[in-house]
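Participant: Sharing a structure below in structure tokens format, with a few things to ask.
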Amino acid sequence: MINLSPAAASEIKRLKSKHQKPNALFRLGVQPGGCAEMVYTLEFDETPAPGDRVYDCNGLSVVVAQQQLNYIDGLTLDYSEDMMGGGFRFHNPNAKTSCGCGNSFSIQG
């Protein structure tokens with residue numbers, strides 16, 4: 001299961017509108033890299049691939065590749081703004097460690 005906070009859903013809807021992608025799906029994933037081992041990826045996608053999991057979260061379709069679910073299953077994506085700017089925040093119950101910026105993580109302890 002993947003969850004979006006209301007703030008994250010609102011920001012994703014704003015980005016879809018800005019990029020004129022009203023029918024796009026929001027793809028959440030991971031790839032090797034970053035400070036800690038894995039880095040989160042966010043993008044818009046027109047069509048899910050065979051085997052993708054599609055979740056309905058706060059009125060948005062969120063797509064995750066089946067093979068990446070073991071890294072991010074249970075993740076909650078949030079969005080917040082502060083004096084340093086805004087950004088997405090990842091709350092991943094599978095992450096054992098994460099880097100200072102919060103955009104990369106490791107599932108090994």
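Participant: Taking the Cβ of GLU43 as the centre, find all other residues whose Cβ is under 12 Å away and add up their charges (Lys, Arg: +1; Asp, Glu: -1).
Facilitator: +1
Participant: Follow-up question, since we're still on this one. In nanometres, what is the gap between the two model label sites at TYR55 and THR97, each 7 Å from Cα along Cα-to-Cβ?
Facilitator: Simple spin-label model gives 2.6 nm for this pair.
Participant: I've got another one for you. For region 40-55, list residues with backbone N below 18 Å from a point placed 7 Å from the Cα of GLN20 toward its Cβ?
Facilitator: In region 40-55, the label zone of GLN20 (backbone N under 18 Å from the point 7 Å along Cα→Cβ) covers 44-46.
Participant: Is the shape of the chain best called rounded, prolate or oblate, per the rule: a/c under 1.5 gives rounded, else a/b larger than b/c gives prolate, else oblate, with a ≥ b ≥ c the square roots of the Cα gyration tensor eigenvalues?
Facilitator: oblate
Participant: Could you calculate the contour length gain from VAL39 to MET1, that is, 0.36 nm times the residue separation minus the distance between their Cα atoms, to one decimal place in nm?
Facilitator: Stretched out fully, the VAL39 to MET1 stretch lengthens by 11.8 nm.
Participant: Which one, ALA49, ALA65, ALA24, has the greatest fluctuation when you compute a Gaussian network model over the chain with C-alpha springs under 10 angstrom?
Facilitator: Taking springs between Cα atoms under 10 Å, the residue moving most is ALA49.
Participant: On to the next question. Ranked highest first by the average count of other Cβ atoms within 10 Å around their residues, in what order do 15-23, 75-83 fall?
Facilitator: Peptide ranking by packing, descending: 75-83, 15-23.
Every read-out reported here was derived from the displayed coordinates using simple, explicitly stated rules and does not represent laboratory data. Remember, predicted model here, so these are calculated numbers, not experimental data. Neighbour counts run over all protein chains shown; Cβ positions are idealised from the backbone, glycine included.
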